[in-house]
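In what follows, a single structure is set out as structure tokens and then discussed.
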């Protein structure tokens, strides 16, 4: 997965996607960039890489990774969960530039997946060869290998390690085993995907209950496991509490409660059957089906390849093993959930937390169950005829599918069929001595999954863009946008610029409610700016814009730089990051509707304050200076009369406002931003993003860590260990 890039000094990160549009598109040939390698990696290109860059920037400024200044008028960072700002993998990766860091984080995710599967299989009594089979099968299963760059994949990669720690803790509830369970739970929590954490812990809890049936001391085992979980939660409080706090403020959470929780989560029978077929016959993946209803199947597949499937079926029906029953039943339940098949999907959807989760992602658990059943069967020599039958079945299925089910020519998919059949044929026809089975599995899964990620040249990672050069010398804060698909959102993060747009997993709900005033949302993706004349853009401190060379310059804007494909233009009327409006409208009953017709937010702005609804003159006053400070800003203002200053910084809960060193309460300005009231005179205003949830979580995590260290030292001294 990563070796092709690492051994050639290249990058696995899909940086070529940034070249899909201008201004980088015109630089493709000069930087040796070809076409898009894999469209599935869109989130990696425009979320994961920019988030990693934002975390690195915070660390470089010796700040806690709380604020992402680069997108959406200033956004949350660690509390957005998926940047995984406190994960050890992220910390190690951040030693390298953002794009290059994915060589390390992807490798570590795959390594932890394979190591955990190897150790767990060995714990179940599999020999070395069968344990290696489990390691390869899990690491190169479709879900793990596809999502290894996502926090989703990093969380699920730890499932085998969690089951290993659970088994040891239940069977031998000791301090060492409880520490192992606590460590794995903490790593899984900090991996950055709370939804997957819910699924992983639920699966681990089910396995723990299964193991309790033969535990010699069930009460002690249960208490030890529960205490380990509580300690893991306490260690992760610095991450979890801000995420929970932020979640309640997001558009996505409201959508899931409003739509997901109330919608039917069962699929049609033909789509369930098609999904199962793709999982059993991987050569069907990516093909076009004749029936329109069968298109756009979920990306979260449980495919593990024919060799694993054959051995898993053999193991489920022939081997005598207590663990076989758990993994067989768990596979059926998780597979039905992944395929959205009733009644499992319906029952699961009725449970708290699961009602707003994408339970299709239990495909990861289903794939792991198949791998473990196969590893249990791999301990013994499997009859050759079962592989011969599988070879014939897959060949026949391919002929039928291409003739009656699929709408496209085999093309590249025929290579997938060859990758599936050739290693299976080797197992069926060659003597299975030594590592034949292992080699065939490794070849099969590598041919199918090993080229998901590109191998891009390092120099192609976000090179200097000449048209942006005039922005380097500007010292006061400003924001930029691209019109249409120009300079795709979040790319600006890699250039140290602040984009009013953004591609985020957790969007501040009040900000999303302002979108009709200045942009259009593209489905679940980013928000696109098409009309630069919108006054709200000027309010948001959007001073510059990148446009196509063929687009006319909007009235009031002026050209700053141009090349053959695009223009950099400036709006001299853009409001500063902090400004003092001439008039303020307080507690307007139809605030957004009134703002829709506003033409100048410097003339009039809208405030929410604990006073009756009214309109009044504001100030006047002058913003003397505005400078970046740790986790916020310092603003010096001179007010001729009392009034409000408006700061176009999204008002996530957690901002603190200080006037002349005294903390005051800030107000919502223009629906989603910060407003601070100042009396007459000259004042120093400090805005700091430091949520109470973070402060409490940090205290809990550090106190828990200190207690663990103290406990380990005491135990070592009592045991006489030097």
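Table for the structure above
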read-out	value
Computed label-point distance, nm, for sites residue 451 and residue 599 using a 7 Å Cα→Cβ extension	6.0
Cα gyration tensor shape for region 397-506, rounded if a/c is under 1.5, else prolate or oblate	prolate
Two-site label geometry, residue 718 and residue 530: point separation in nm, points 7 Å out along Cα→Cβ	6.9
Relative compactness, region 1-91, computed as alpha-carbon Rg over 2.2 N^0.38 Å	1.23
Peptides 129-142, 63-76 ordered by average Cβ neighbours within 10 Å, highest first	129-142, 63-76
Förster radius 60 Å - calculated FRET efficiency between residue 665 and residue 332 (Cβ-Cβ, nearest 0.05)	0.60
Residues 214, 92, 394, sorted so that the one with the fewest Cβ neighbours within 10 Å comes first	214, 92, 394
Relative contact order (%) - the chain, alpha-carbon pairs under 8 angstrom, separation at least six	15
In Å, descending, principal axis extents of the Cα set of region 578-690	36, 30, 25
Percent RCO, i.e. relative contact order, over region 250-431, from Cα pairs under 8 Å lying at least 6 residues apart	31
Taking 267, 499 and counting other C-beta atoms within 10 Å, the order from fewest to most	267, 499
Kirkwood hydrodynamic radius of region 150-245, Cα pairs, Å	13.2
Residue 214 versus residue 611: modelled label distance in nm, points set 7 Å from Cα along the beta carbon direction	7.3
Relative frequency of Cα-Cα separations exceeding 20 Å in region 250-431, percent	60
Å³ per residue enclosed by the Cα convex hull of region 241-343	165
Overall form of region 519-566 per C-alpha gyration tensor (a/c, 1.5; a/b vs b/c)	oblate
Geometric extent, Cα atoms of the chain - Rg, Dmax (angstrom)	28.1, 92
Footprinting exposure proxy for 61, 193, 37 (fewest neighbouring C-beta atoms within 10 Å first)	61, 37, 193
Protection-proxy order for peptides 301-310, 622-631, 114-123, each taking the mean of Cβ atoms within 10 Å per residue, highest first	301-310, 114-123, 622-631
Kirkwood-type radius of region 464-570, with distances r between different C-alpha atoms, in Å	14.2
Share, in percent, of DSSP beta bridges within the chain that are antiparallel, nearest 5	85
Size of region 118-181 as Cα extents on the principal axes (Å, biggest first)	36, 28, 12
Sum of -39500 (n - 2.57) over DSSP H runs of 4+, divided by residues of the chain (222 nm, nearest 500)	-13500 deg cm²/dmol
Mean separation of Cα contacts under 8 Å (6+ apart) over length of region 61-154, as relative contact order %	19
Packing rank of 350-363, 326-339, where each peptide gets the mean count of other beta carbons within 10 Å, highest leading	326-339, 350-363
Computed lengthening from residue 403 to residue 443, 0.36 nm per intervening residue step minus Cα-Cα distance	11.6 nm
Over region 330-482: Kirkwood hydrodynamic radius from C-alpha pairwise inverse distances, Å	20.6
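Read the figures in this text as sums done on the coordinates, not as results from a lab. Worth saying up front: this structure is predicted, and the values here are computed from it rather than measured. Using ideal geometry, Cβ is built from the backbone for each residue, glycine included, and neighbour counts are taken over all protein chains shown.
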